[in-house]
Structure formats: structure tokens, C-alpha cells
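Colleague: Before we start, here is the structure in question, set down as C-alpha cells.
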Amino acid sequence: MAHTRVLVVEDEQIVAEDLKMTLEDLGYVVVGIASSGERAIDLADSERPDLILMDIMLAGEMDGISAAT
């Protein structure tokens, strides 16, 4: 788990920040927070996280399932 890099994809800012704090308290490294599917893809390409914690219902044109695909 040490140094496991996580990308959080969540369009509700308060929930995203809570997830980030919880993950960091557990020893994970949060490499970014994306609020849309498009931004999630960009961050995944640039940051190359080990794990992506993705919300299914996202604001914008692309939902979490489409982004994951």
C-alpha cells in the first residue's frame, strides 16, 4: 500500500476532499482529483495512477463508465 498512487474522480467537491483526506490518512498518495470524465482521462494519462476511484454519475457529457472505458 505504501506509495500506491490514487486518482479520485468525484464531481462533488466536499466528497472528493473527504476521500482524499481519508486515503492519505491510510497511507495512499492522491495524485489528483477530477470532477469530470474528460479530466479524469487527462489526469490518468499524465499521472499514471495505480488505482482510480471513480464515481459513476459525473457532471458533464461523460459518465464514469464511459471514462473508464
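Colleague: Evaluate the following for Glu38: is it in contact with a helix residue (DSSP H, G or I) (Cβ under 8 Å, 6 or more places away or on another chain), touching a residue at least 12 places away in the same chain (Cβ under 8 Å) and assigned to a loop (DSSP other than H, G, I, E, B)?
Modeller: Considered against the rule, which asks whether it is in contact with a helix residue (DSSP H, G or I) (Cβ under 8 Å, 6 or more places away or on another chain), touching a residue at least 12 places away in the same chain (Cβ under 8 Å) and assigned to a loop (DSSP other than H, G, I, E, B), Glu38 comes out as no.
Colleague: Okay, next question. Among the residues of the range 1-22, how many are touching a residue at least 24 places away in the same chain (Cβ under 8 Å) and in contact with a strand residue (DSSP E or B) (Cβ under 8 Å, 6 or more places away or on another chain)?
Modeller: Within the range 1-22, residues that are touching a residue at least 24 places away in the same chain (Cβ under 8 Å) and in contact with a strand residue (DSSP E or B) (Cβ under 8 Å, 6 or more places away or on another chain) number 9.
Colleague: Still on this structure: Gly60 - would you say it is in contact (Cβ under 8 Å) with a residue 24 or more places away in the chain and surrounded by fewer than 17 Cβ atoms within 10 Å (Cβ to Cβ)?
Modeller: yes
Colleague: Okay, next question. Would you mind telling me which numbered condition in (1) outside any helix (DSSP H, G or I); (2) within 12 Å of the chain's Cα centre (by Cα) His3 fails?
Modeller: Result: His3 fails condition (2) only.
Colleague: Could you go through the range 27-34 and let me know if any residue there is in a helix (DSSP H, G or I) and either free of Cβ contacts under 8 Å to residues at least 60 places away in the same chain or of a type in the set (S, T, N, Q) (or both). Let's see the steps before the verdict.
Modeller: Pass one, the range 27-34, residues in a helix (DSSP H, G or I): none.
No, the range 27-34 contains no residue that is in a helix (DSSP H, G or I) and either free of Cβ contacts under 8 Å to residues at least 60 places away in the same chain or of a type in the set (S, T, N, Q) (or both).
Colleague: Select from the range 7-27 the residues that are over 19 Å from Met57 (Cα atoms) and either exposed (fewer than 14 other Cβ atoms within 10 Å of the Cβ) or under 9 Å from the mean Cα position of the chain (by Cα) (or both) and list them in ascending order. If you could, list the steps in order and put the result at the bottom.
Modeller: Within the range 7-27, the subset over 19 Å from Met57 (Cα atoms) is 21-27.
Those that are over 19 Å from Met57 (Cα atoms) and either exposed (fewer than 14 other Cβ atoms within 10 Å of the Cβ) or under 9 Å from the mean Cα position of the chain (by Cα) (or both): Met21, Thr22, Glu24, Asp25, Leu26, Gly27.
Values in this text are rule-based calculations from the coordinates and carry no lab data. Note that the structure is a prediction, hence the values are computed from the model and not measured. Cβ coordinates were reconstructed from backbone atoms using ideal geometry, including for glycine residues, and neighbour counts include every protein chain displayed.
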